[in-house]
Amino acid sequence: MKKNKIYISFTLFLPLLIYLLWPLQSDKWTIEFGTESIREKTDYLSGISKSTDQSLPNILVIVVDDLGMADLSLYGNGYPPTPNIDALGANGVVFTNAYVTSPVCSPSRAAILTGRYQQRFGFQYQMHERYLRNRMEYIGFKYVMDSYPWMPKWMDDVPDKKAMLKQGIPPSEILLPELLKAKGYKTALIGKWHLGSDESQVPCNMGFDYHFGFYASHTLYAYENTAGIHDQKIENDFTDPHIWNGQRKGPHAIYQNCKEIEVNEYLTDRFTDEVISYMNKQRSDPFFLYLSFNAPHTPLQAPTEYMVPFSHIKDPVKQTYFGMIANLDVNIGKVLNAIENFKLRENTLIFFISDNGGAEYTHTTDNGNYKGGKITNLEGGIKVPFILSWPGMVNSSIYSPMVSSMDIFQTIVEITGVELPEDRTFDGINLLPFINKEYSENPPHEYLYWQRGFSKAIRNNEWKLTINEDALDTALYHIVDDQYESEDLKLCYPEIVKTLASVHHNWSSDLPPPLWPSMVYYLYRDDNKTCYFDQ
């Protein structure tokens, strides 16, 4: 009798165990790059006439990583002091309502370099280096591990290793460096890439003549225990061990022209040295330089000398973070000084932008009065510092109508006279006529859109609607008067909610499905409710 009970229990338990341990990898998420669309792109680029105009401006696009509006002094009450970034703003246009297309790194950067909403080519989610192997891992992740504010998604299938390696920007997309290279520019990427590490997606094959940096979302700024560098682990950040585990292996390694090399200097300093050396060599020819700092993204590592001014800060996490920002600001100052010394300033167009807001989950920042932060569609996640500076061509000013990171692409395209193909939609706007008051009646954009799965938002020049279809959590803000999203007005203005939701639906209805799935939810506690965001 006892043996029968054991047998019955085993036969009941075995199917459940098989179900929980069954591998989730599936070919459902196979990514195939269309050879015909790549050929059409190649034909288009080969048809661009090289310019012989040596007066074309040099172009420097500086992208920083996870730097929120409250993480620098440019916008008034920010901290720590960032005098060099402030000086760049004082000699250019400071945008007070600038938005990125995603509150997370890689989709945001994809839009910057293509001038298109990344959803148009399936780049809806952050790329992932790891998915759940089986459903048992889901149970352990959700019920055993202390992973707050991250919560795993129940998944029936995940990409296999081959598909994961192809996550990133499809090679059929046309990138800004490819356009400018065809036009006759010298092109370089110094810093973070984070748009794919398949051979067809690496910088050397995406329009850059020169590349120095890394492929992944993060890497070590210096090897652990390097003299003069303070390493700060974050005990209550679930993501921090993963960040440190990357070390400088695989896509986290440092590459020069797509070949792995050894680098011993503090990375932010080395990027600056590379930029100055490159500009010195190329100053006789127009160049496009994409300076993609990873600071102040984790891991937290700062030169100890830069932490001294913040010795009054008792929290070692914040003290290290402030030291990284101070070092970043000094390095930006060095780049700007080099441009002056090389006598290139009058003919160099400079953009400065962050790829998303501050990462509150790392306990480094709180985004000041802005709600949310990285991963959220609240202002703290998608509203970012943004400067455009071009002496003699653009007057110093503050510009308040909403603009987009995609406008960098379109502004550069129209300045350089590149004719775009008609087989795809470009979403950016040339900013120069607006900031120079040629178009003073209308703002650059009527609407801006966000979407990652069920996490959606839309903004016009007066209202902002955030939409979460799964949690039935929708909020309406009169964003012009309520930039900190303090009062949800959806019950007061149901017709505005209906109109904005309809406009968003019309925009998203033609989008292709994501090329890969999300893996986790991000939970943000707002007053007395918890908001869920797809990641």
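Filtering GLN118, GLN25 for residues that are at negative phi and buried (at least 24 other Cβ atoms within 10 Å of the Cβ) leaves a single hit, GLN118. Only one of the numbered conditions (1) in a loop (DSSP other than H, G, I, E, B); (2) in contact with a Phe, Trp or Tyr (Cβ under 8 Å, 6 or more places away or on another chain) is violated by GLN201, and that is (2). What about ALA227, is it without any contact (Cβ under 8 Å) to a residue 12 or more places away in the chain and either within 23 Å of GLN319 (Cα to Cα) or buried (at least 18 other Cβ atoms within 10 Å of the Cβ) (or both)? Judged against the criteria, ALA227 is a match. In the stretch 428-456, the residues that are more than 18 Å from GLY115 (Cβ to Cβ) and among the hydroxyl-bearing types (Ser, Thr, Tyr) form Cβ pairs under 6 Å with partners that are in a strand (DSSP E or B) and at pLDDT below 95, at six or more places apart or across chains, as follows: SER455/PHE533; SER455/ASP534. Being of a type in the set (A, V, I, L, M), in contact with a helix residue (DSSP H, G or I) (Cβ under 8 Å, 6 or more places away or on another chain) and within 23 Å of LYS281 (Cα to Cα) holds for only one residue in MET206, MET127, MET136, and it is MET206. Among the residues making up the stretch 130-142, those that are surrounded by fewer than 17 Cβ atoms within 10 Å (Cβ to Cβ) and closer than 25 Å to GLU360 by Cβ are ARG130, LYS142.
Summed over the stretch 183-198, residues that are assigned to a strand (DSSP E or B), among the basic types (Lys, Arg) and within 20 Å of LYS50 (Cα to Cα) total 1. Filtering the stretch 135-190 to residues that are within 20 Å of LYS41 (Cα to Cα) and of a type in the set (A, V, I, L, M) leaves ILE169, ILE174, LEU175, LEU176, LEU179, LEU180, ALA182.
Restricting TYR185, TYR210 to those that are in contact (Cβ under 8 Å) with a residue 12 or more places away in the chain, buried (at least 24 other Cβ atoms within 10 Å of the Cβ) and touching a strand residue (DSSP E or B) at 6+ places or on another chain (Cβ under 9 Å) reduces the list to TYR185. The test for being more than 29 Å from SER354 (Cα to Cα), of a type outside the set (A, V, I, L, M, F, W, C), in contact with a Phe, Trp or Tyr (Cβ under 9 Å, 6 or more places away or on another chain) and surrounded by 16 or more Cβ atoms within 10 Å (Cβ to Cβ) does not hold for SER73. May I ask you to verify whether LYS281 is surrounded by fewer than 24 Cβ atoms within 10 Å (Cβ to Cβ), of a type outside the set (Phe, Trp, Tyr) and either part of a loop (DSSP other than H, G, I, E, B) or over 26 Å from the mean Cα position of the chain (by Cα) (or both)? Against the criterion (surrounded by fewer than 24 Cβ atoms within 10 Å (Cβ to Cβ), of a type outside the set (Phe, Trp, Tyr) and either part of a loop (DSSP other than H, G, I, E, B) or over 26 Å from the mean Cα position of the chain (by Cα) (or both)), LYS281 qualifies.
The residue that is nearest to PHE271 (Cα to Cα), among those in the stretch 225-245 that are in contact with a Pro (Cβ under 9 Å, 6 or more places away or on another chain) and not in a helix (DSSP H, G or I), is ILE229. When VAL503, VAL480, VAL497, VAL413 are checked against the criterion of being assigned to a helix (DSSP H, G or I) and farther than 30 Å from GLU173 by Cα, VAL497 stands alone in meeting it.
Is it the case that the stretch 189-196 has a residue that's surrounded by fewer than 22 Cβ atoms within 10 Å (Cβ to Cβ) and in contact with a helix residue (DSSP H, G or I) (Cβ under 7 Å, 6 or more places away or on another chain)? So far as the stretch 189-196 goes, no, none of its residues is surrounded by fewer than 22 Cβ atoms within 10 Å (Cβ to Cβ) and in contact with a helix residue (DSSP H, G or I) (Cβ under 7 Å, 6 or more places away or on another chain). Taken over the stretch 467-504, the residue count meeting the criterion of being under 25 Å from the mean Cα position of the chain (by Cα) and aromatic (Phe, Trp, Tyr) is 2. Taking each residue of the stretch 288-305 that is of a type in the set (S, T, N, Q) and looking for partners that are in a strand (DSSP E or B) with beta-carbon atoms closer than 6 Å, six or more apart or interchain, yields SER292/VAL63; SER292/GLY191; SER292/LYS192; ASN294/LYS192; GLN301/ILE229; GLN301/ASP231; THR304/HIS230.
Counting only helices (runs of 4 or more DSSP H) that sit completely within the stretch 64-182, zero hold 1 or more residues that are within 22 Å of the chain's Cα centre (by Cα) and without any contact (Cβ under 8 Å) to a residue 12 or more places away in the chain.
Residues of the stretch 401-415 that are under 23 Å from THR348 (Cβ atoms), surrounded by 21 or more Cβ atoms within 10 Å (Cβ to Cβ) and out of contact with any Gly (no Cβ under 6 Å at 6 or more places or on another chain): VAL403, SER404, SER405, ILE408, THR411, ILE412.
The values are calculated or read from the model by the stated rules, or taken from the named source; none is laboratory data. Source: prediction; values computed, not measured. With ideal geometry, Cβ positions are generated from the backbone for all residues, glycine too; neighbour counts draw on all protein chains shown.
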